[in-house]
Number of protein chains: 2
Amino acid sequence: MEQNKIPQATAKRLPLYYRFLNNLQIQGKTRVSSKELSDAVKVDSATIRRDFSYFGALGKKGYGYNVEYLLGFFRKTLDQDEITDVALIGVGNLGTAFLNYNFMKNNNTKIMLAFDADPNKVGTEIGGVPIYHIDELEDKLDGIKVAILTIPALEADRVTDRLVSKGIKGILNFTPARITVPDDVRVHHIDLAVELQALAYFLKHYPLEINEPTSEQ
Amino acid sequence: MEQNKIPQATAKRLPLYYRFLNNLQIQGKTRVSSKELSDAVKVDSATIRRDFSYFGALGKKGYGYNVEYLLGFFRKTLDQDEITDVALIGVGNLGTAFLNYNFMKNNNTKIMLAFDADPNKVGTEIGGVPIYHIDELEDKLDGIKVAILTIPALEADRVTDRLVSKGIKGILNFTPARITVPDDVRVHHIDLAVELQALAYFLKHYPLEINEPTSEQ
């Protein structure tokens, strides 16, 4: 399978496509339309068709895309076999949800250790992941490049500085705070409130109808 | 301020733009580049520039966009004053995080009530939100159109059917399960594992560099 150079904007969407197609295959589906993909991953159909043309996947009108072909391509591209170690900072409700979630998914990331300031949590394990005191951050992070930030917003900046000093290059930020990092550190910010707001907005302004002619379901 | 008809793909990104710009304003920033926006909301710069042209906002080279102008437009468009009532189904760790989060954000959605099967939770409140037994779903949901699903994946289908029967039109699905709904019900699926996987993928394949010439920070 030949891999052409994929534009960065397209590459960003690969993991989304991958997960959705994986779910389809588990359900026994063999094909998918760009409309169905569009609804699921929140990317417009034209963009999806352009993205997929880079993968050498051409959809057929009235048929859609072959799920297995796409998955084969994506698996290779996403390096499913190479595991990225991750640290989780902040074992509150959201952090605990992540730790319990850790082993339920077959993917290429694994939370190796967690940090919190609560003495009742330090020294315990959740989902098999050991929890250390936040003061031990610098001692324990060796070699880890990715961190999940699930701490209160007010602590976000201070902890981020410590993570960056220790060599963290990617932060999944679940705090409402926008954090400041050097240019070589990648931050993905996920705001749960925005997700809810977006859904409410669509419902109000773009109500769906029963039996849309372009729908496949 | 004149509002032209905005394409649906553009409209989908409004809440994301809004939240990010709101954060910028809180920090006292008056302008933003499409590059900075692109990094934050994970949409490519060309798309952002096209989107903003629909809002009548034209960026200036070397200056960027006026934050206040954009926010004024977005506030109006997103109906910040009209509140959408929301029900939360499943008061586990993730659900509890949502309930605590409810009143920390200034936006147009509000979780009014929650449901769980655990008798220790039923009858209590979290973040001021009352928790009812899941058996009371049909009695209590009256008039609510949006639900957050934070239950185990195995229960997702059954609960979804009950929500749809009761008139729910929008579901924010945080379970790993892909749920099946009629065409007139909108589902936004947020997969925490995909978010982490995407970050790890980027870090590996698109490492950032210090002092990128196009960066503004």
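If you go through segment B:198-206 one residue at a time, do you hit one that is at pLDDT 90 or above, over 18 Å from the mean Cα position of the chain (by Cα), among the basic types (Lys, Arg) and outside any loop (DSSP other than H, G, I, E, B)?
Scanning segment B:198-206 turns up no residue that is at pLDDT 90 or above, over 18 Å from the mean Cα position of the chain (by Cα), among the basic types (Lys, Arg) and outside any loop (DSSP other than H, G, I, E, B).
Of B:134, B:171, B:148, B:144, which residue is farther than 14 Å from residue B:115 by Cα and aliphatic (A, V, I, L, M)? Full working, then the answer.
Working: B:134 fails: farther than 14 Å from residue B:115 by Cα; B:148 fails: farther than 14 Å from residue B:115 by Cα; B:144 fails: farther than 14 Å from residue B:115 by Cα.
Every option except B:171 fails the conditions.
Of everything in segment B:23-39, what is in a helix (DSSP H, G or I), open to solvent by 30 Å² or more (accessible area, probe 1.4 Å) and at pLDDT below 80? Give them in sequence order.
Listed by number, the residues that qualify are B:25, B:26, B:39.
Among the residues of segment B:47-63, is there at least one that is among the polar types (S, T, N, Q), modelled with pLDDT of 85 or more, more than 30 Å from residue B:151 (Cβ to Cβ) and part of a helix (DSSP H, G or I)?
yes
Taking the options B:118, B:135, B:85, name whichever one is at negative phi and in contact (Cβ under 8 Å) with a residue 60 or more places away in the chain.
Result: B:85 is the single residue among B:118, B:135, B:85 that is at negative phi and in contact (Cβ under 8 Å) with a residue 60 or more places away in the chain.
Residues that are within 11 Å of chain A (Cβ to nearest Cβ) and surrounded by 15 or more Cβ atoms within 10 Å (Cβ to Cβ), at least 2 per element: which strands (runs of 3 or more DSSP E) completely within segment B:85-160 meet that?
Here the list reads B:109-116, B:146-149.
The values are calculated or read from the model by the stated rules, or taken from the named source; none is laboratory data. If you're wondering where the values come from, they're calculated on a predicted model, not measured in any experiment. Note: ideal-geometry Cβ built from the backbone for every residue, glycine included; neighbour counts use all protein chains shown. These accessible areas exclude ligands, DNA and RNA; they are computed on the full protein's heavy atoms, side chains included. Shrake-Rupley method; radii C 1.70, N 1.55, O 1.52, S 1.80 Å.
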